[in-house]
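One structure below.
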Amino acid sequence: MGAGGPVEQVNKWPLWLKPLLRENFFVQCKLHADSHKSECNMYCLDCVNGALCSVCLHHHQDHRAIQIRRSSYHDVIRVSEIQKFLDISSVQTYVINSAKVVFLNERPQPRPGKGVTNTCEVCDRGLLDSFRFCSLGCKIVGTSVNFQRNMKISPEKKHLIMAVSDSDDSNNSASRLRQRSNHTNTRIHSFSPSTPPQNATSFQTAKRRKGIPHRSPMGGLIIEC
């Protein structure tokens with residue numbers, strides 16, 4: 001394969017990228033649970049030791065650290081931060097809170113919307129014509145030597161392809177992504193409370209028929225029994 005081919009693209013990924021995409025963010029820090037800044041939304045690219053809170057970050061002052069943000073329960077990172085350390089060309093960018101961001105992992109959709117002419121080469125999410133992938137994770141899979149766009153593959157197979165150069169971690173990757181998906185679904189479903197069941201008292205009240213109106217001796221006020 002010539003220069004710039006799939007083999008070169010697979011080998012050029014930094015060592016911190018795949019652990020970053022597998023990490024669970026926005027959980028409480030176990031070391032600083034009493035702090036009001038205990039939410040883990042930072043990541044050190046030099047240490048690669050998991051999600052960090054703002055207090056943890058004090059021990060990484062001279063390191064390359066990035067901040068992860070949230071959009072609709074999905075992890076994103078600002079383009080201005082990640083492009084310093086990673087080639088994000090061909091990945092769809094989005095504008096959220098007046099800042100350009102890219103998604104860390106794929107967000108599959110059942111079918112592209114009407115009028116969509118370009119989709120992600122991995123998960124088929126609708127994209128603008130100038131992009132090939134919807135997220136950093138999809139770019140890793142889509143540029144792998146083992147990936148074929150026209151071949152329909154299961155989510156588990158996608159994780160295995162993503163870990164082609166890091167096969168020992170592939171099982172952990174699939175497990176963590178499934179846990180993140182389950183957690184996201186739980187949060188979304190719990191957002192809309194279910195209608196409480198009708199008890200016997202409310203049922204009797206609803207079925208009670210109105211009585212005959214009686215006129216007050218003092219005038220026109222009508223009182224129903």
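The values are calculated or read from the model by the stated rules, or taken from the named source; none is laboratory data. Predicted model, so just to flag it, every value in this text is computed and none were measured. Note: ideal-geometry Cβ built from the backbone for every residue, glycine included; neighbour counts use all protein chains shown. Side chains are part of the model used for accessible areas, which takes the heavy atoms of the whole protein and leaves out ligands, DNA and RNA. Shrake-Rupley method; radii C 1.70, N 1.55, O 1.52, S 1.80 Å.
Some points to look at:
- Counting only helices (runs of 4 or more DSSP H) wholly contained in region 4-120, the ones carrying 2 or more residues that are under 16 Å from residue 133 (Cα atoms) and at pLDDT below 90 occupy 6-11.
- Flag if residue 77 is within 25 Å of residue 122 (Cβ to Cβ), open to solvent by less than 40 Å² (accessible area, probe 1.4 Å), of a type in the set (A, V, I, L, M) and free of Cβ contacts under 8 Å to residues at least 60 places away in the same chain: yes
- Region 52-72, residues that are open to solvent by 20 Å² or more (accessible area, probe 1.4 Å) and of a type in the set (A, V, I, L, M): 55, 57, 65
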